[in-house]
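Participant: Dropping the structure in here first, questions after.
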Amino acid sequence: MTSIVLFGPPGAGKGTQAARITDSTGLPQVSTGDMLRAAVKNGTETGMAAKQYMDAGQLVPDSIIIDLIKERVLEKDAQNGLMFDGFPRTVPQAEALAEITEVSHVISIEVPDERIVERICGRYSCASCGAVYHDTFNPTSTEGVCDQCGSKEMKRRADDNESTVLQRLGAYHEQTSPLADWYDAKGIFHRIDGDRDIDQITVDILQALE
Ligand code: AP5
């Protein structure tokens with residue numbers, strides 16, 4: 001089992017790129033953010049424990065996240081590896097992951113802080129299939145209609161507001177960015193300029209994965 005990690009600040013484009021490279025990698029996307037939002041929506045114990053942290057723009061405690069991942073890797077589609085999006089975010093999470101699977105590449109999508117708020121505050125997604133769009137940078141071809149599945153129901157995330165984004169960015173710099181050195185020391189850390197056209201970034205990621 002060999003996995004890859006998509007790494008970067010909130011709004012860097014991890015989810016956008018994961019959706020584009022999943023066919024090429026053959027690895028299922030695992031977004032801890034999506035898993036937590038589903039748990040909150042379903043009112044599970046995990047969801048109830050995580051909600052207060054997510055609403056405040058803070059990281060959810062490692063023990064909760066690591067338990068989620070340990071469960072996820074037992075699923076049948078995880079046998080050949082997974083593409084992690086937004087996990088790990090702390091050194092203890094990375095250490096736990098190393099015990100579960102080999103990580104061949106960590107793709108770091110790098111975007112300056114000043115771009116993050118505009119990216120996140122303009123984000124919306126399809127309520128049906130989850131495809132991600134942006135009011136200005138990546139709108140649907142027909143207003144209000146999902147390009148992927150044709151659904152006309154779009155949604156915005158509760159934590160996509162300016163004050164929570166700034167908290168999330170703070171958590172990224174304090175708790176997640178130290179992981180860059182941790183993975184760099186292992187020789188598997190690939191920096192990709194994420195402040196460019198979405199297609200160009202996809203090309204560079206696929207090249208880094210070759
Ligand atoms: P999570 O859902 O993982 O949020 P995040 O890391 O903040 O990342 P985002 O999903 O906001 O951004 P993204 O990089 O996927 O960007 P996207 O492609 O959507 O986590 C939410 C919360 O859950 C956390 O705050 C925390 O509380 C908790 N959590 C989750 N995982 C955790 C963990 N492992 N440990 C602890 N807590 C955890 O793009 C953003 C927008 O920009 C879109 O509108 C898109 O269309 C647009 N866009 C994308 N690329 C470009 C481009 N190149 N140019 C212009 N616009 C672009």
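The values are calculated or read from the model by the stated rules, or taken from the named source; none is laboratory data. All figures in this text were calculated on a predicted structure; none of them were measured in a lab. As a convention, Cβ positions derive from the backbone with ideal geometry for all residues, glycine included, and neighbour counts pool all protein chains shown. Note: areas computed on protein heavy atoms with side chains; ligands, DNA, RNA excluded. Shrake-Rupley method; radii C 1.70, N 1.55, O 1.52, S 1.80 Å.
Participant: Multiply the residue separation of ASP193 and THR2 by 0.36 nm, subtract the distance between their alpha-carbon atoms, and state the gained length in nm to one decimal.
Facilitator: Details: separation 191, 0.36 × 191 = 68.76 nm, distance 2.45 nm.
Going from the current span to full extension adds 66.3 nm.
Participant: Looking only at segment 75-210, where both bridge partners belong to it, what percent of the DSSP beta bridges are antiparallel (to the nearest 5)? Walk me through the numbers on the way to the answer.
Facilitator: Values: 7 of 12 bridges.
Around 60 percent of the beta bridges assigned by DSSP in segment 75-210 are antiparallel ones.
Participant: In segment 11-63, if the dipole is taken from +1 on Lys/Arg beta carbons and -1 on Asp/Glu beta carbons about the Cα centre, which of ALA12, LEU27, GLN52 is farthest to the positive end?
Facilitator: Farthest towards the positive end: ALA12.
Participant: Further question: Hey, if we sort ARG157, ARG191 by accessible area with the 1.4 Å probe, largest down, what's the order?
Facilitator: Working: ARG157 70, ARG191 135 Å².
I get ARG191, ARG157, largest accessible area first.
Participant: Also: Going by Cβ distance under 4.7 Å, what cysteines of the chain have no possible disulfide partner?
Facilitator: CYS121
Participant: Shifting gears a bit: Whose amide H sits under 5 Å from the amide H of TYR124, counting only residues 5 or more places off or on another chain, with H placed in the peptide plane?
Facilitator: Placed amide hydrogens put TYR133, HIS134, ASP135 under 5 Å from TYR124.
Participant: Which residues in segment 165-191 place their backbone N less than 20 Å from a point set 7 Å from the Cα of GLU210 along the Cα-to-Cβ direction?
Facilitator: Under 20 Å, as judged by backbone N against the label point of GLU210, lie 188-191 of segment 165-191.
Participant: 7 Å from Cα along Cα→Cβ at both GLU110 and ALA38: what's the point-to-point distance in nm?
Facilitator: According to this spin-label approximation, the distance is 3.3 nm.
Participant: Another question about this same structure. For Cα pairs less than 8 Å apart in space and 6+ apart in sequence, what is the mean separation divided by the residue count of segment 81-167, i.e. the relative contact order in percent? Please report the intermediate quantities before stating the final value.
Facilitator: On the way: 70 pairs, mean separation 20.4, N = 87.
23 percent.
Participant: Quick one: Karplus J couplings for segment 40-48, per residue in order, coefficients 6.51, -1.76, 1.60, θ = phi - 60°, nearest Hz, x for Gly and Pro?
Facilitator: Working through the residues one at a time gives 5, 4, 7, x, 6, 4, 4, x, 5 Hz.
Participant: Separate question: Where the only charges are on Cβ atoms (+1 Lys, Arg; -1 Asp, Glu), what is the dipole of segment 68-210 about its Cα centre, to the nearest 20 debye? Please report the intermediate quantities before stating the final value.
Facilitator: Details: 15 positive and 27 negative charges, 89 e Å.
Using only the charged Cβ atoms, the result is roughly 420 debye.
Participant: Given a 1.4 Å probe, how much area per residue of segment 1-145 is accessible, in Å²? Display every interim value, and only then the final one.
Facilitator: Values: 6830 Å² over 145 residues.
Ligands and nucleic acids excluded, the result is 47 Å² per residue.
Participant: Out of the total accessible area of the chain (probe 1.4 Å, heavy atoms of protein only), what percent is carbon and sulfur? Please report the intermediate quantities before stating the final value.
Facilitator: Details: 4960 of 10810 Å².
After summing per-atom areas, the C and S share lands at 46 percent.
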